[in-house]
Amino acid sequence: MLSVQVIGSLEEIGDLGLYCVDENTFNQLFKNGRDLFFFCDFNNELSWKMIKEKLVKANSLFLKGIQGTIHLEKSFVAPDSFPNRIIQVDDPLSITRSDKVSINKYYFQVLDGASNSTCDIYEVDKDTFNQIFTQGQKVLLSNECPELEDRFWTKTAYRTNVKKSIVPRLDGILIL
């Protein structure tokens, strides 16, 4: 089973949108090494009903990376931003990403609302995580986010960007 994340409306993202899917279904969705699938790309051989039947809820505490992302119609990300439908999740030409993870760290994803958002995942220590997710919530909207200095974000929270394909779990999502 491979891990995928389904991103759509806030209701769908409320439980982090993490699922497992069998390798055959995964390969039907994510062809030619792609790790992004947009709802608008559905064709006759695939239906949302079939996909929903194949998705198995994943435990966000026991991931072996996120191998693919399915963006539904209400997703924050615009398909036009990725015309070839291949995202730069682990692209060596993009931001330097850590290829080492730790079970003692916390992992949160940022959905920044930009049409070209890559939905990056960051690794932080427990104290930093608790400064962001102060109430223990899994999903945090920007207007609920505590007032923290810009330096906190650039020097601490966003310091370690982690490859999605190896993240061991997802502890929270910050929607900007």
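The values are calculated or read from the model by the stated rules, or taken from the named source; none is laboratory data. Keep in mind the model is a prediction, meaning the values are calculated, not measured. Don't worry about glycine lacking a Cβ; one is built from the backbone with ideal geometry, like all the others, and counts go over all protein chains shown.
Quick notes
- Pick from segment 118-155, criterion assigned to a helix (DSSP H, G or I) and in contact with a Leu (Cβ under 9 Å, 6 or more places away or on another chain), ranking: surrounded by the fewest Cβ atoms within 10 Å (Cβ to Cβ): Ser142
- Scanning segment 41-85 for residues that are surrounded by fewer than 11 Cβ atoms within 10 Å (Cβ to Cβ), part of a helix (DSSP H, G or I) and at pLDDT below 70 yields a total of 1.
- Cβ-Cβ contacts under 7 Å between residues 6 or more apart (or on different chains), taken from a first residue in segment 25-41 that is without any contact (Cβ under 8 Å) to a residue 60 or more places away in the chain to a second residue that is among the basic types (Lys, Arg) and outside any helix (DSSP H, G or I), are listed as Arg34/Arg85; Leu36/Arg85; Phe38/Arg85; Asp41/Arg85.
- Of residues in segment 156-176 being assigned to a loop (DSSP other than H, G, I, E, B) and touching a Gly at 6+ places or on another chain (Cβ under 7 Å), the one nearest to Val101 (Cα to Cα): Val167
- Scanning segment 149-170 for residues that are modelled with pLDDT under 85 and in contact with a helix residue (DSSP H, G or I) (Cβ under 8 Å, 6 or more places away or on another chain) yields no hits at all.
- Residue within segment 154-172 that is over 19 Å from Lys64 (Cα atoms), under 12 Å from the mean Cα position of the chain (by Cα) and touching a residue at least 40 places away in the same chain (Cβ under 8 Å) present: no
- Residue list for segment 1-25, restricted to those being within 16 Å of the chain's Cα centre (by Cα) and at pLDDT 70 or above: Leu2, Ser3, Val4, Gln5, Val6, Ile7, Gly8, Gly17, Leu18, Tyr19, Cys20, Val21
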